[in-house]
Every structure is written in C-alpha cells, then in structure tokens.
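Novice: Can you read through this structure? Questions will come right after.
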Amino acid sequence: MARLANLQFEQFSRETVNDARLCLLDAIGCGLYGSTVLDGKKIISAISVLSAGDLPVWGSNVLLSRSDAALACGSLCHLRELDDVHYSIVHPGAVVVPAVYAAAFGREYSLKNLLAAIICGYEAMVRISEGSGYLTHRQKGWHATATMGGFGAAAACGKLLELEEQEFVWALGLAGSRTGGTWAFKADGSMSKRIHPGLAARDGLAAAFLAQAGISGPEYVLEAEDGGFYHVACEDWDLTELGRDWGKTWAISEVEFKWYAACKSVHSPLEASLQIAALGHRTEDIDFINVGINSSAMSMAGGMYTHDSVASAQLSIPYGVALGLSGRGGLAQDFENDAIADENLFRLAQKVRVAVSPKMEEIRLTLHKSAAHVDVVYKNGSHAEAEVHDAKGHIGNPLSETVIIDKFLGLASCAVGKQKAESICKLIIHGELQTPVDDIFHCLSLNR
C-alpha cells in the first residue's frame, strides 16, 4: 500500500498514460449510455430522493452530492455490462472513474492528476484481487468488483488528494474494513450487481476524505488474523502478489475493453456461435448444442435466463449462444427487453447444454483466458463446431484504439448527442496533460 502512495506520474510510460486515457473514455461512455435506459433512469430517480448537491449525474440534469454522484455514475457504468474488465474478475473502470470524478469535480484538477489517480486505483483494485486468490474468492459467492472496488476507489481518490503515506494506508484500511457484495443476484436475475460498483466508488471516496481528515484505518486490513479481509473472504490468498513484478506492467494495461454487452464468460460462447451461424445452417434444424467452458464461467453464467430480466440474459451462456446462432451480434440492443422476450431465442437457448471442459479449465488457470468450445448437433446427425480462446475485446484479441473510440462515440451520442460526444473524446484522448478536468466534466450532463 505504501508503494501505491508513493507512485509518481513520471513512472508511467506514454503507453500507460494512453491506456489510462482509453479507460477513462470507455467508462464515461458506458456510464452515459447507462443513463439512457429505463433501469438507469430508475437508479438516478431513486438516488436523487436521498440527496441533492452540485455534481451532475452523467447523461442527466440531476445534481447530487459527491458521494451519491459516485454511487449513481458507478452504477450507470455497469448497467449494460460494457465496462472494462480484468482477468482477476474485477471491473475497475466502473468503480475508479466515477470515484475520481466525484472527488475532482470543481476542484481545479488537471487531466494529469486524474490519469495518475486512475492508474493508481486500477493498480490497487487488481493487485488486491490477484492476492485474494480470485477464483476461489468468486467460488465462495463474492462479487469481486464490489469487494475489491472500495480499495481501488480509495487508492484513486487518495492519490488525487495527495494523501501522505500514513493517510493513504488508512484510506485503504477504512475501505477494506467494510467492503462486501455477493453473487446472490444470480439466483433471480436481480439488479443488485449493477449497483455494486457505485457503492464501492462511494465508499472508497468517503474513505479517502476521512483519512485526509485524520480518521485512522486498519493497516493490516487484509491479513489481520481476526477480521482481516483475506481471512474472512478468501482461501488461497497470497500477500506476495501485492508486490509481484512491481512496475514492470501496470494493471491498467492488462484490462480488456468489452465489445459484447454481457458477462465476459458469455463472450467466447457467443463468438463461437456467430462463427457457426456464418456457415449458413438453419437454426430450425438444430437438435441440441453442447458448450464447454471453465468452472468459473459455469458458476457465473452457465444457467438459463428469464424473459423479464435483462441482467439474467447478460449472465446466461445459453442466451448468448442463441444470439450467436441466430446471427445477432451481442451488442447492447440484443440485451434489451424486446430482445430477451423473443420466443424463438428462448426455444433455441433451451437446447443449450453447458458443461465444464477440462481443456477450457486449464486455459483459464494457465493463460487467464475465458475460452469456449461450441458443438452444434443437427437433427440429421451432422455437427458444426467452433472454439474461441480470445473473443473480440479479450486480451489476446484487443479492440484497437479506433474501435474503442467508435464504441464510445456510439454510446455517448445516445445520451449527450454527437457534438458533445466528440468534444469529450477530443479532450480525453488528445487533451494536454494540463487540461482542466472540469472542461471534460461539464460536457457530461444535459444542462451544461
């Protein structure tokens, strides 16, 4: 944690800084798009009853307090599963970017300050997740974006506030001493998963400001024998992961930018199904479909979805396979209410049999890849198979900068219009490091 406190902007290469610019852009695009859908409007409406303030909620004309703006914007970022992801099963952008937005708004910070804070927040969130033994942490029922997110938000805000080393340690300790968030949403496709990044952003933000005021937090929040987070929530945790290969590769350069609007575990099965669909076979001729995946993917997304839950469809490999075999691209519109109510997709999804494959499990454990094998069996006994190790957007098949920018423009334009979206993009991607961040932030609401 002390290493994080002492990180300096000059330690980051131009490539690392550019990665941070793209992460900032992508998170804002996801959040802006989230403000346009019904669930996003419900979230904003609910939170606006609780507080009023001076910070605009992205894509709206609602003003909230700093903490509730972090909560709202973080939730909007994760609303349609398009936000960035790391192989340690965390979504850093949906937590870190809203937290630093809430901390920095109206306080005369520069783009340089913001990017340094974002890099630091990603580093904390990812390293603590890696140290947790993230696969078993997930298998115990924890949602790592929620449990690790407070650490990331606290580190990012602590860096922005220029906390002293002791204060920085306190901030992470305060955040980690009350962190939480479970996968109970999987049982019924509820919306709680979407709120978790916002809650983590809010809590990490508060922890940083409390630490700055001199409120101490537990230094041994991870490893304390009685109540340490790793003891409570993890099994095969390893503190050495926190400092492994320090400075060689920054976590922000390991994240994946999503192309498909679903849980990452759905991506490879969906893409393999799209490859099979391109062969021209009719879906009416399909008898059944076998899908081989890893155990983590099985627990997260191996089940069927329900017609009335977008969240359940985004966490359903059978739905993703049905989309792919029907030639549908798995973009945001394919996970809206009209799409998931499609009876033809539902009947096709019911033919999907999902199982753990030893090969896919080995790939996950050794290469950090969520791969899938799809075998379609037709009524005449013939087969069509496809195997995808690196779906579009994954670490071995990354989106280009041009595609990430196009993704942002498509998402953001839905909320603030094409002209504003282009202005935001220009400021983030090409802006000088001394650019005031409020120049960016003032473009994010509807009333500016």
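Novice: Can you tell me which residues in segment 264-297 are in contact with a Leu (Cβ under 9 Å, 6 or more places away or on another chain) and not small (G, A, S)?
Specialist: V266, L270, L274, I276, H281, T283, I286, I289, N294
Novice: Report, ordered by the first and then the second residue, all pairs with beta carbons closer than 6 Å, sequence separation of six or more or different chains, a first member in segment 406-417 that is over 10 Å from I28 (Cβ atoms) and open to solvent by 20 Å² or more (accessible area, probe 1.4 Å), and a second member that is among the aromatic types (F, W, Y) and part of a helix (DSSP H, G or I).
Specialist: That search, which allows pairs on different chains as well, returns C414/Y33.
Novice: Follow-up. Exactly one of these conditions fails for A224: (1) open to solvent by 60 Å² or more (accessible area, probe 1.4 Å); (2) modelled with pLDDT of 95 or more; (3) in a loop (DSSP other than H, G, I, E, B); (4) hydrophobic (A, V, I, L, M, F, W, C). Give me its number.
Specialist: For A224, the failing item is (1).
Novice: Identify the single condition in (1) open to solvent by less than 10 Å² (accessible area, probe 1.4 Å); (2) farther than 20 Å from F209 by Cα that Y101 does not satisfy, given that it satisfies every other one.
Specialist: Result: Y101 fails condition (2) only.
Yes or no, residue by residue, for (1) closer than 30 Å to C30 by Cα; (2) modelled with pLDDT of 95 or more; (3) not polar (S, T, N, Q):
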{"site": "A207", "(1), (2), (3)": "yes, yes, yes"}
{"site": "A213", "(1), (2), (3)": "no, yes, yes"}
{"site": "D236", "(1), (2), (3)": "no, no, yes"}
{"site": "L270", "(1), (2), (3)": "yes, yes, yes"}
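Novice: Could you go through segment 369-386 and let me know if any residue there is open to solvent by 10 Å² or more (accessible area, probe 1.4 Å), assigned to a helix (DSSP H, G or I) and out of contact with any strand residue (DSSP E or B) (no Cβ under 9 Å at 6 or more places or on another chain).
Specialist: Scanning segment 369-386, I find no residue that is open to solvent by 10 Å² or more (accessible area, probe 1.4 Å), assigned to a helix (DSSP H, G or I) and out of contact with any strand residue (DSSP E or B) (no Cβ under 9 Å at 6 or more places or on another chain), so the answer is no.
Novice: Pairs under 7 Å by beta carbon, first residue charged (D, E, K, R) in segment 421-446, partner assigned to a loop (DSSP other than H, G, I, E, B) and open to solvent by 30 Å² or more (accessible area, probe 1.4 Å), six or more apart or different chains?
Specialist: Every condition considered, the pairs that remain are D438/G106.
Novice: Here's something else I'd like to know. Go through segment 195-221 and count every residue that is more than 17 Å from V90 (Cα to Cα) and open to solvent by 50 Å² or more (accessible area, probe 1.4 Å).
Specialist: The first filter runs over segment 195-221 and keeps only residues more than 17 Å from V90 (Cα to Cα), leaving 205-221.
Then keep just the ones that are open to solvent by 50 Å² or more (accessible area, probe 1.4 Å); that gives 209-210, 212-213, 215-216, 218-220.
Of the residues in segment 195-221, 9 are more than 17 Å from V90 (Cα to Cα) and open to solvent by 50 Å² or more (accessible area, probe 1.4 Å).
Novice: Could you list all residues from segment 162-194 that are surrounded by fewer than 23 Cβ atoms within 10 Å (Cβ to Cβ) and among the hydrophobic types (A, V, I, L, M, F, W, C)?
Specialist: Result: L163, W183, A184, F185, A187, M191.
Novice: Quick one: E361 ticks every box in (1) in contact (Cβ under 8 Å) with a residue 40 or more places away in the chain; (2) under 20 Å from the mean Cα position of the chain (by Cα); (3) in a helix (DSSP H, G or I) except a single one, so which number is it?
Specialist: Failing condition for E361: (2).
Novice: Right, next: I'm trying to understand the selection: among the residues of segment 1-42, which are open to solvent by 60 Å² or more (accessible area, probe 1.4 Å) and assigned to a loop (DSSP other than H, G, I, E, B)?
Specialist: Residues satisfying the conditions are M1, N6, Q8.
This table checks each residue for (1) surrounded by 24 or more Cβ atoms within 10 Å (Cβ to Cβ); (2) under 19 Å from F9 (Cβ atoms); (3) free of Cβ contacts under 8 Å to residues at least 60 places away in the same chain.
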site	(1), (2), (3)
H78	yes, no, no
D84	yes, no, no
H91	yes, no, no
Y109	no, yes, no
A116	yes, yes, no
A124	yes, yes, no
S132	yes, no, no
R138	no, no, no
W142	no, no, no
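Novice: Scan segment 292-314 and give yes if some residue there is in a helix (DSSP H, G or I), among the β-branched types (V, I, T), over 23 Å from V95 (Cβ atoms) and open to solvent by 50 Å² or more (accessible area, probe 1.4 Å), otherwise no. Walk me through it before giving the result.
Specialist: Here is the first cut: in segment 292-314, the residues in a helix (DSSP H, G or I) are 295-301, 310-314.
In the following step, the residues that additionally are among the β-branched types (V, I, T) were identified as 310.
Among the residues that remain, those that are also over 23 Å from V95 (Cβ atoms) are: none.
No: segment 292-314 contains no residue that is in a helix (DSSP H, G or I), among the β-branched types (V, I, T), over 23 Å from V95 (Cβ atoms) and open to solvent by 50 Å² or more (accessible area, probe 1.4 Å).
Novice: A follow-up question, please. Only residues in segment 257-285 that are in contact (Cβ under 8 Å) with a residue 24 or more places away in the chain and over 16 Å from D390 (Cβ atoms) count as the first member; pair them with residues that are open to solvent by 60 Å² or more (accessible area, probe 1.4 Å) and aliphatic (A, V, I, L, M), Cβ under 6 angstrom, at least 6 apart or cross-chain, and list the lot.
Specialist: That search, which allows pairs on different chains as well, returns nothing.
The values are calculated or read from the model by the stated rules, or taken from the named source; none is laboratory data. All figures in this text were calculated on a predicted structure; none of them were measured in a lab. Neighbour counts are summed over all protein chains in view; Cβ atoms, including those assigned to glycine, are modelled from backbone coordinates with ideal geometry. Calculation scope for accessible area: heavy atoms of the full protein, side chains included, ligands and nucleic acids excluded. Shrake-Rupley method; radii C 1.70, N 1.55, O 1.52, S 1.80 Å.
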